[in-house]
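Every number in this text was worked out from the coordinates using simple rules, so none of it is lab data. It should be emphasised that the depicted structure is a prediction, and the values quoted were computed from it without experimental measurement. Positions of Cβ are generated from backbone atoms using ideal geometry, with glycine treated the same way; all protein chains shown enter the neighbour counts.
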Amino acid sequence: MALLPILEFPDDRLRTVARPVERIDAPLQRLIDDMFETMYAAPGVGLAATQIDYHYQLIVMDVSEEKNEPLVLINPRIVETEGSQTCQEGCLSVPTIFADVTRAERVVVEALDRNGELRRIDATELLAVCIQHEMDHLAGKVFVDYLSPLKRQMVKSKLDKRRRQQAPASATG
Ligand code: K1U
Ligand code: ZN
């Protein structure tokens, strides 16, 4: 297995709209394993293929306490939504930034699993938030898009500063 590099906001590749997966085969299943390894190591509770620069409709998630309930969503479709909830969100592509986002309280999603079986998931709480956040990634959307332009600019500046501080001395001159 392998740890995969995660694209960081404001990388334009995060704006790519993902295409449907056409074939579930051994290479895709290996990629799914690598995505789980990358997500658990980060650590995160979800990872969309967009974030690792693979532009197909594929998501891995695990919102369980014990990290023993892996979920794979291939070609997910939200078929029902209900209510609204506001939760603090983070994103592995926007490190160190957390902000409140309002989303549906309950979603019902249909998707294929890693074996190509059709699954229907009735989700509330963190699972519902995570599904909507990850499906946004597949549509080229990042959670900071829900913030005001001023707040989004502040996020960009904070991440730029963080990158400058992390860069080796030789790179900064
Ligand atoms: O898409 C991503 O970058 C993953 C993201 C998913 C998410 C978390 C919270 C609300 C909405 C979407 C993360 O996993 S960020 C890291 C995080 O929140 C977390 C990490 C470890 C344990 C619990 C949460
Ligand atoms: Zn994210």
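Structure notes:
- Helix 26-41 vs. the chain, principal-axis angle (Cα, 0 to 90°, nearest 10): 50 degrees
- Taking trypsin sites (Lys or Arg not before Pro) across segment 1-92, the ones in a DSSP loop with at most 11 further Cβ atoms lying within 10 angstrom of their Cβ are R23.
- Ordering E110, E125 by the number of other Cβ atoms within 10 Å of each residue's own Cβ, fewest first, gives E125, E110.
- Inter-label distance, Q166 to Q29: 3.4 nm, where each label sits 7 Å from its Cα along the C-beta direction.
- Here is how the number arises for the chain: DSSP H runs of 4 or more residues each give -39500 (n - 2.57), the sum is divided by the residue count, and the result at 222 nm is -9500 deg cm²/dmol.
- Largest first, the three principal axis extents of the alpha carbons in segment 1-142 are 39, 33, 32 Å in whole numbers.
- Relative contact order of the chain, pairs being alpha-carbon contacts under 8 Å that are 6 or more residues apart, as %: 22 percent
- Summarising the label geometry, the points placed 7 Å from Cα in the beta-carbon direction at L118 and K151 lie 3.9 nm from one another.
- Helix axis angle, 149-166 relative to the chain longest principal axis, alpha carbon, degrees: 70 degrees
- Net charge, M35 excluded, C-beta distance under 15 Å - Lys, Arg +1, Asp, Glu -1: -4
- Of the GluC sites (Glu not before Pro) in segment 18-88, the ones in a loop by DSSP (not H, G, I, E or B) with at most 16 other beta carbons within 10 Å are E22, E65, E66.
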